[in-house]
Amino acid sequence: MKYTKKFNQLKKAFFFMLMILVFASCTNQNTASDKECKKLDDMPLIGKHDLKLTSDIISPEVLWAFGRLGDIQLSPSSKKVLYGVSYYDVPQNKSNRELFLMNIDGSDKKQLTKTAGGEYNAVWLDEETIAYLSAESGSMQVWTMKTDGSMKTQISDVQEGISGFKFSPDHSKIAYISDVAVEKPMKNLYEGLDKASGRIMNDLMYRHWDQWVDHYQHIFIASFDGKTLKGAKDIMQGEAWESPIRPFGGMEQINWSPNNTELAYTCRKLKGKAYTLSTNSDIYIYNTTDETTINLTKGMMGYDKNPVYSPDGEMIAWESMERDGYEADKVRLYVKDFTSGALVDLSNGFDQNVHGLTFSADSKEIWFISDQHATDEIYQLTLKGNKIRKITEGVHNYTSFALADGAIIATRVSMSKPAEIYSVNPENGEATEISFENKHLLDQLTLAKVTKRWVKTTDNKEMLVWVILPPNFDESKKYPALLYCQGGPQGTVSQFWSYRWNFQMMASGGYVVVAPNRRGLPGFGQEWNEQISGDYGGQNMKDYFSAINTVKQEKWVDEDRLGAVGASYGGFSVFWLAGHHDGLFKAFIAHDGMFNLESQYLETEEMWFVNWDLGGAFWDKNNKIAQRSYANSPHRFVDKWDTPILIIHGEKDYRIAYTQGMSAFNAAVLRDVPAEFLFFPDENHWVLKPQNGILWQRTFREWLDRWLQEDE
């Protein structure tokens, strides 16, 4: 195995940083209380990494030293901002989340918690009291504390623990999420076999994303007297489905009415085969007075989720898709007027998705985030006249926001910066950073330059392509280039910041990164987004070639040192390109990719996805769309594989089973193609553990350097 000097320097830098992290973490332990220290034993607290870097080039260790900020909450007076930051520790191979408070202008910043257990889902009860989730008692429960971090009090004691909660506006009630066990099929067969590990399945959706379906998340409602929770009731008792809906749903799918008597929630009330074939979730409203439930969106056949009441209680808005089984359909903004009964699509004619719906205090506007041309911006919709106005503009993604008096408090990321909090002028969109969580690290780095260009496609369309230039870029030199293949498949190559597929990390090794917004991505109109369905291996692959063939003509790109990398659908893309590139690329990396589409059809857990995107089952010989999809399966072109390939997969990935990656690796080896297989038995479709994440980055870089970098 050949290592470049650059890779060896990264190795040395890591061990230096590792010692700093261990020292910093151990010294932080002295700030814990005696009780916490006894509980922690030798486990140091994980906090902010105040590092002095030995290089100005980002490394995997620096990437994992960034604080990960999110979940902003404005105080009732809109004068203070509550938020959380997660910190990761490589030696402990774990993370910890702390709570912070600052004034709305960023002043008087203070850390409220400093524990080893982590605090989550923090919300305001009043101007001086905060409620949050903590596992300090041994299971995740609701606690309260004062805004100076004092008087921490546990207010719930739920046997199965709590994974999320929301208080009613008057704080007299609380809705919380807790697990309810799924009854085993044919449980009589297990009598006397308490050590048996076998599972008996008699229907589909027995596992989802990265876990076996042994529990459902149900919504419970309890009363709150200011001290404890009482009289908890499962409002979904006896129902064999969950809310929020797996695998990504959270408390945004559940909201109280302003009058404290109704709870709107998202649920797909299907199970087994019916559940795995459908995306038809609905908005349900539970009445706490008479304990009845109604289906608000009955007859609306796609995803309906994330309900939000207007402050005056006269309306409810939610995000809605039109077609059942199509998870990447246009996300529309629907509003129900309770007085008139009118049901209106306010985004009709707006060829973009809407997310994060928020009413103004006077109920006259709805604010949201939408993706256009590969950036996520904040928009304002005035209900009178149904006028939509774009508020922000720039090379960034807004990820969340809250409306304050005269300002928008928002989180924002870009390809060059992890999440920070900004104060945004609602009139002109001008933004001022107020959190500066990672400034101390960013100031020490020389980052890659992100540029944007439009490339002509084979069918004469204009495609937005991000071209990321290496740090200290010198146009007189020639650099190897990487074609980045996006997953999803319908996920925009926007200004996201990733802790795995990080463009700064890719470029830091001296690579030009070419990241096209190929066919099948939102943000460029519904026609552009939908073209990919049933056309795997078609126009979107031509788009990839258009992007890399255009950029490789630059004098600073070495066209003899090109690679292609990607995950999920991007992994499929790499596998497909490996059989069709005619010597264009010299190295490939595929993570969690689909290799054999016929196997994928029967291995995945969400059947609506393969039915829609592949067109249907491979045994349906009369289905021309499906047969075209399976004819383009990468495994059919392995006879043309001749280029080194690194394959990565996680065993807990139930979306794309690890056997897909294993099969691709075996095929490469049997074909005498240079190949490696990085396998994670404890990771899912992502890589979430710190040490695995660093191993991923090192392996990624070493593989590319081996085949694309010139010997020094």
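Below, the figures for the structure above:
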item	result
Val551 vs. criteria at pLDDT 95 or above, under 24 Å from Glu683 (Cα atoms) and either out of contact with any Cys (no Cβ under 9 Å at 6 or more places or on another chain) or among the aliphatic types (A, V, I, L, M) (or both)	no
Segment 354-367, subset open to solvent by less than 30 Å² (accessible area, probe 1.4 Å) and in contact (Cβ under 8 Å) with a residue 40 or more places away in the chain, residue nearest to the chain's Cα centre (by Cα)	Leu357
Selection from segment 445-465 of residues that are under 21 Å from Phe66 (Cβ atoms) and surrounded by fewer than 17 Cβ atoms within 10 Å (Cβ to Cβ)	Thr446, Lys449
Candidate set: segment 140-166, residues that are within 20 Å of Tyr265 (Cβ to Cβ) and in contact (Cβ under 8 Å) with a residue 60 or more places away in the chain; chosen: the one surrounded by the most Cβ atoms within 10 Å (Cβ to Cβ)	Val142
Qualifying residue in segment 154-174 (condition: assigned to a loop (DSSP other than H, G, I, E, B), polar (S, T, N, Q) and touching a Leu at 6+ places or on another chain (Cβ under 7 Å))	yes
Single condition Val424 does not satisfy, out of (1) under 23 Å from the mean Cα position of the chain (by Cα); (2) under 27 Å from Thr358 (Cβ atoms)	(1)
Flag for Lys114 being outside any strand (DSSP E or B), under 23 Å from Thr411 (Cβ atoms) and in contact with a helix residue (DSSP H, G or I) (Cβ under 8 Å, 6 or more places away or on another chain)	yes
Which numbered condition Ile647 fails, given (1) of a type in the set (Val, Ile, Thr); (2) assigned to a helix (DSSP H, G or I); (3) under 28 Å from the mean Cα position of the chain (by Cα)	(2)
Test: residue in segment 90-101 that is closer than 20 Å to Lys152 by Cα, charged (D, E, K, R) and touching an Asp or Glu at 6+ places or on another chain (Cβ under 9 Å)	yes
Search result, residues across segment 205-226 that are of a type in the set (A, V, I, L, M) and either within 27 Å of Leu263 (Cα to Cα) or surrounded by fewer than 16 Cβ atoms within 10 Å (Cβ to Cβ) (or both)	Val213, Ile219, Ile221, Ala222
Matching residues, segment 617-631, being crowded, with 19+ Cβ neighbours inside 10 Å and part of a loop (DSSP other than H, G, I, E, B)	Phe618
Test: residue in segment 478-496 that is charged (D, E, K, R), over 25 Å from Trp686 (Cβ atoms) and more than 19 Å from the chain's Cα centre (by Cα)	yes
Test for Ala116: is it in contact (Cβ under 8 Å) with a residue 24 or more places away in the chain, under 20 Å from Tyr87 (Cβ atoms) and either open to solvent by less than 30 Å² (accessible area, probe 1.4 Å) or not charged (D, E, K, R) (or both)	yes
Sole exception among (1) open to solvent by less than 40 Å² (accessible area, probe 1.4 Å); (2) under 16 Å from Trp576 (Cα atoms) for Trp608, by number	(2)
Top-ranked residue of segment 167-187 - restricted to ones that are within 19 Å of Ile235 (Cβ to Cβ) and aliphatic (A, V, I, L, M), ranked as surrounded by the fewest Cβ atoms within 10 Å (Cβ to Cβ)	Ala181
Residue match in segment 683-697 (condition: farther than 20 Å from Trp576 by Cβ, open to solvent by 50 Å² or more (accessible area, probe 1.4 Å) and in a strand (DSSP E or B))	no
Any hit, segment 294-303, residues being without any contact (Cβ under 8 Å) to a residue 60 or more places away in the chain, of a type in the set (Phe, Trp, Tyr) and surrounded by fewer than 20 Cβ atoms within 10 Å (Cβ to Cβ)	no
Residue in segment 311-319 that is in contact with a Cys (Cβ under 8 Å, 6 or more places away or on another chain) and either farther than 17 Å from Ser168 by Cα or surrounded by 21 or more Cβ atoms within 10 Å (Cβ to Cβ) (or both) present	no
Count - residues of segment 214-242 that are assigned to a loop (DSSP other than H, G, I, E, B), under 16 Å from Asn287 (Cβ atoms) and touching a Phe, Trp or Tyr at 6+ places or on another chain (Cβ under 7 Å)	1
Qualifying residue in segment 431-441 (condition: without any contact (Cβ under 8 Å) to a residue 12 or more places away in the chain, within 24 Å of the chain's Cα centre (by Cα) and open to solvent by 20 Å² or more (accessible area, probe 1.4 Å))	yes
Residue check for Val344: of a type in the set (A, V, I, L, M, F, W, C), touching an Asp or Glu at 6+ places or on another chain (Cβ under 8 Å) and within 21 Å of Ile72 (Cα to Cα)	no
Lone qualifier among Gly487, Gly520, Gly538 - being surrounded by fewer than 23 Cβ atoms within 10 Å (Cβ to Cβ), farther than 18 Å from Lys452 by Cβ and touching a helix residue (DSSP H, G or I) at 6+ places or on another chain (Cβ under 7 Å)	Gly487
Tally, over segment 52-100, of residues that are over 17 Å from Ala122 (Cα atoms) and of a type in the set (Asp, Glu)	3
When residues of segment 369-419 are limited to those that are in contact with a Pro (Cβ under 9 Å, 6 or more places away or on another chain) and in a loop (DSSP other than H, G, I, E, B), the one least open to solvent (accessible area, probe 1.4 Å)	Ile391
Residue list for segment 466-483, filter: surrounded by fewer than 24 Cβ atoms within 10 Å (Cβ to Cβ) and over 14 Å from Ala448 (Cα atoms)	Ser476, Lys477, Lys478
Hits in segment 555-582 - residues which are outside any strand (DSSP E or B), open to solvent by 30 Å² or more (accessible area, probe 1.4 Å) and either in contact (Cβ under 8 Å) with a residue 12 or more places away in the chain or aliphatic (A, V, I, L, M) (or both)	Lys555, His580
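The values are calculated or read from the model by the stated rules, or taken from the named source; none is laboratory data. As the structure is a computational prediction, the values presented were derived from the model and not from experiment. Here Cβ is always computed from backbone atoms with ideal geometry, including for glycine, and neighbour counts include all displayed protein chains. Protein only, heavy atoms only, side chains kept; ligands, DNA and RNA dropped before computing areas. Shrake-Rupley method; radii C 1.70, N 1.55, O 1.52, S 1.80 Å.
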